[in-house]
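So the structure is just underneath, and the comments pick up after that.
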Amino acid sequence: MKYTTIFLILLSLFSTSVNAQTTVSVFGKVLDANTKEPLIGATITIDGTNLGTTTDFEGAFELQGVVPASYNFTASYLGYKPLTKDNVIIQSVGNYDLVFELMEAATELTAVEVTASPFRNTLTTPMSIQSLSPEEIKSYPGGNNDIAKVVQSLPGVSGSVGGFRNDVIIRGGAPNENVYYLDGIEIPNINHFSTQGSAGGPVGLLNVNFVEGVTLSASSFGAQYDNVLSGVLQFDQRIGNPRKAQTNFRVSASETALTTEGPLFRRGADKAKTTYIVSVRRSYLQLLFQLLQLPIRPDYWDYQYKINHELNDRNSIYLTGIGSIDQYKVKAPEEFDLDQISTLEQVPIIDQWSTTSGLGWKNRMKDGKGVMNASFSVNILNNNFRRFDDNENQTGLLFRNDSRESERRLRYSLTRFVNDWSLSIGTNITWADYTNETQEFLLDNEYNTTLGFWKYGLFSQASKSFFEGKLDFTFGLRTDGNSFTTEDNLLSTLSPRLALSYRIDKADTWRLNATAGRYFKIPPYTILGFQNGPLGFTNRDARYIASNHAVLGLEKRLGKNAKISTEAFYKYYERYPVSLGEGISLANKGGDFSVLGNEEIVSTGNGKTYGVEFLYQQKLVKNFYGILAVTIFGSEFSGKDGIFRPSVWDSRSLVSFTGGYKAKRNFEFNLRYRYAGKTPYAKVDQNKTVDTYPIIILVYSTLNSSRLDAFSQLDFRVDKKWNFRKLAFNLYLEIQNAFGQTLPSPPSYGLRREPNGEIAIPKSLIEIPNDSGTLLPIIGMAFDF
């Protein structure tokens, strides 16, 4: 340890002179945001410096002589709105190409000076949309390079109760109401140890080194997206380095990750038409938990890849994929501890793997007035989920669920630009396979399911700016159907959506936005594939869940790099699945380690979420950046009795602040503060649980009577970067839960025991104290070479 400290001090002393001697070239390209045509002669500058260049006949640029540091890059072109990419970290090794997609300026705007901005609105989604850059994700305190955790800093977004899972809860909706796209390829879940039928899990699946940007839409969804009720998360992957091979090796709190990229078949050219980027990550949580003598042993692998090939200047194809292998095992503690013994007994045994792979084709029309996108993908989730009376020895089977979900998807979309109109049409076709072998010994229920059916959808969308760009208009329509359920058709799932954005002033600093839409989602396969003995598929009459959105917002740009906005939203749900056995809406489930939907339901539930969001965001200015989000909201769903009750996500208030300061000598300081109000929870039925233990029985009718304490946590992070000629090194120290605050969680129980650890007779439950208020220091590092 002594020698390591001396080495780091010496590196710090020499870092200034090393950086002064090292300069690099920054590469990229500038495109039209709609047609993807290259913009020839566009100007690229670095704010606050004299460095700049222009694009060539392919829209590409090389900016030479850049000293490693953090910069704001701006691209501008006559007749287009300039665009700034802020807080771009340039290293001596490991940089990626910058891609600017500029939008045409309205006629009236060309007569005034348009200020470059990192914020942008689109015709199809003028509001309820937020974006995150790779730098924001990597430096996020408490995020551990986990995209799902970082998204929780955005307005209207919260995580699971107590913050121990990556459930993405948007505007009071359930976690499974969101969809996720990786370069236009849908991926069912973005987490390890995912809850089947829902979403979420404790650890994210995506590697941030692949990500060029993340966009979250909380309403006003484009018509090309199916099966979404609350949010669309679009992850744009970059392509590998077309000029030379490079590698990133990262060690963090829970895993090690290796990412490598470079050109294929370059054959002496300056850059290759074929590139690759591939990564593999390995968890060592099981080793840490073993050293800490904890009873759980989570273990996972994951991989991600993308191969891109440019057929010619108008056509490209790509092959991308992501997958994981997850195992959740247990080991009894060496010494008796009631908390650890209860955890050992109650956690499930999970053996899960998932994979998604997709082949895509992008085409720019020869006349420069259209784009076509087509993709074919396959995704599989294989989930073996068990509960035992004796988890360590895996004896006394209480519940078994061996299931597999697989989908083969074909997507096609065509967009044409005709007389200032943007017109899109498209379709999607999916063959779904679902198998399930379930044994529930407590309920004396056993069934085997083999289910295969078609899902299909059609969409169209039209966008145009009127009155010299003062009013942006978008109207979309889609419809979806399938060959299995009996109660819906293409007319009953007709899904219109309208978006309007009005520019109040000439400089486009004030905007009034409004959207409305009706959206549909087919119930999860766990619901559709459930069988009740001789009655067979009792949920075949399940309806598509409907959600009606109305949003009104006002936005003000504050200079070049800051904005303030407020939005009021209302969502009303229809046809929500309700558990016949427990009488509760399934919107209140799915936030734990279980299987959601393996039961008989009726599509009679309703729900409503409503609230106001406030956002202040400042991009990198004078070395400071930050985002403050405040949300006041309500979330209520009705059960079998038709009475609206607060949902388990109804914390009423959310506050999030994330900010950072770029100091000299490549130091960076970041902090994050999160607050969530008191959240309802269902009490444990202690009398029934004594007989069913280790399976815990909840009384959902108590949701309206008890709330947890408010959640509050501060995380802090310090980064230090070194840049050498052939190596870039980043070291960080992170303090999670810096004030050591107790994290709220529902009361947990274990069986009362004698001093020697034997179960006391007669059996009874004892509440286990919540001792989660622990300050957690973490050290991590990343190498680029």
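The values are calculated or read from the model by the stated rules, or taken from the named source; none is laboratory data. Values in this document were obtained by computation on a predicted structure and should not be read as measured data. Heads up, the Cβs are rebuilt from the backbone with ideal geometry, glycines too, and the neighbour counts pull from every protein chain shown. Ligands, DNA and RNA are stripped out before the accessible areas are found, and what is left, the full protein with its side chains, is counted by its heavy atoms. Shrake-Rupley method; radii C 1.70, N 1.55, O 1.52, S 1.80 Å.
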Rounded to whole Å, give me the distance from the Cα center of region 209-263 to that of region 156-201.
16 Å
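Assuming a viscosity of 0.890 mPa s and a temperature of 25 °C, what translational diffusion coefficient in µm² per second does Stokes-Einstein assign to region 255-306, Rh being the Kirkwood radius over Cα pairs? Mind dumping the intermediate values first?
Working: Rh = 13.5 Å.
Taking Rh from Cα pairs, D becomes 182 µm²/s.
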How far apart, in nanometres, would the label points at Thr256 and Val699 be if each is projected 7 angstrom from Cα along the Cα-to-Cβ direction?
5.1 nm
For region 268-331, what's the relative contact order in percent, using C-alpha pairs closer than 8 Å and at least 6 residues apart?
34 percent
Label point 7 Å out from Asn623 along Cα-to-Cβ: which residues of region 652-667 have amide N under 19 Å?
659-667
For the chain, what is the accessible area per residue in Å² when the probe is 1.4 Å?
42 Å²
Near-label residues of region 456-491 by backbone N, under 20 Å of a point 7 Å along Cα→Cβ of Leu512:
464-475
Residue-normalised 222 nm signal for the chain, counting each DSSP H run of n ≥ 4 as -39,500 (n - 2.57), nearest 500 deg cm²/dmol, is -2000 deg cm²/dmol
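Please sort by residue number the GluC sites (Glu not before Pro) in region 325-394 whose DSSP state is loop and whose Cβ has at most 11 other Cβ atoms within 10 Å. List each step's numbers first, then the result.
Numbers: sites: Glu334, Glu335, Glu345, Glu392; in loops: Glu334, Glu335, Glu392.
Those satisfying the criteria are Glu334, Glu335.
Could you calculate the FRET efficiency of Thr49 with Leu494 from 1/(1 + (r/R0)^6), where r is the beta carbon distance between them and R0 is 45 Å, rounded to 0.05?
Calculated value: 0.25.
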Paramagnetic reach from Arg753 (point 7 Å along Cα→Cβ, amide N under 12 Å) across region 321-343
332-343
Loop-only check: which chymotrypsin sites (Phe, Trp or Tyr not before Pro) in region 19-73 are DSSP coil with at most 16 other Cβ within 10 angstrom?
Phe57
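From Cα pairs below 8 angstrom and at least 6 apart in sequence, can you work out the relative contact order of the chain, rounded to a whole percent?
Working: 2212 pairs, mean separation 85.6, N = 785.
Reported relative contact order: 11 percent.
Full-extension gain between Arg267 and Asp685, please, as 0.36 nm times their residue separation minus the C-alpha to C-alpha distance.
Working: separation 418, 0.36 × 418 = 150.48 nm, distance 6.96 nm.
Gain in length upon complete extension: 143.5 nm.
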Compute the FRET efficiency between Thr427 and Glu600 as 1/(1 + (r/R0)^6), taking r as their Cβ-Cβ distance and R0 = 30 Å, and round to the nearest 0.05.
0.35
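Longer than 19 Å from Cα to Cα, which of Lys273/Lys362; Lys138/Lys726; Lys464/Lys563; Lys306/Lys369; Lys85/Lys138 are they? Say none if no pair is. If you can, show how the numbers build up before the last one.
On the way: Lys273/Lys362 14 Å; Lys138/Lys726 21 Å; Lys464/Lys563 25 Å; Lys306/Lys369 28 Å; Lys85/Lys138 16 Å.
Beyond 19 Å between Cα atoms: Lys138/Lys726; Lys464/Lys563; Lys306/Lys369.
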Computing the accessible area with a 1.4 Å probe over protein heavy atoms, can you report the carbon and sulfur percentage for the chain?
58 percent
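Going through region 659-762, which GluC sites (Glu not before Pro) have at most 15 other Cβ atoms within 10 Å and a DSSP loop state? Kindly include the intermediate steps, with their values, before the conclusion.
On the way: sites: Glu668, Glu734, Glu758; in loops: Glu758.
Passing both the DSSP loop test and the Cβ count: Glu758.
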Largest-first ordering by accessible area, 1.4 Å probe, given options Asp270, Asp236, Asp167:
Asp270, Asp236, Asp167
Point-to-point label distance, Ile40-Leu580, nm (Cα→Cβ direction, 7 Å offset)
6.8 nm
Given R₀ = 45 Å, what would the calculated FRET efficiency be for Ala568 paired with Ile761, taking r from the Cβ atoms and rounding to 0.05?
0.20
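Return a whole-number percent for the relative contact order of region 436-523, with Cα pairs under 8 Å and 6 or more residues apart as the contact set. Each step should come with its number before you reach the end.
On the way: 145 pairs, mean separation 17.4, N = 88.
Taking the mean separation of contacting Cα pairs over the length of region 436-523, I get 20 percent.
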Extent along principal axes [Cα atoms of the chain; Å; largest to smallest]:
81, 71, 49
State, to one decimal in nm, how far the label point of Glu58 lies from the label point of Met103, with both points 7 Å from Cα in the Cβ direction.
2.9 nm
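Determine the percent antiparallel among the DSSP beta bridges restricted to the chain, to the nearest 5. All intermediate terms of the calculation are to be shown ahead of the outcome.
Values: 308 of 320 bridges.
Within the chain, antiparallel bridges account for around 95 percent of the total.
Using 0.36 nm times the number of residues separating Asp771 and Leu311, minus their current alpha carbon distance, what extension gain do you get? Before the final figure, lay out the partial values.
On the way: separation 460, 0.36 × 460 = 165.60 nm, distance 5.84 nm.
The span from Asp771 to Leu311 would gain 159.8 nm if fully extended.
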Leu442 to Asp641: extension gain in nm, 0.36 nm per residue of separation minus the Cα-Cα distance?
69.1 nm
Ranked order, His309, His549 - accessible area, probe 1.4 Å, largest first:
His309, His549
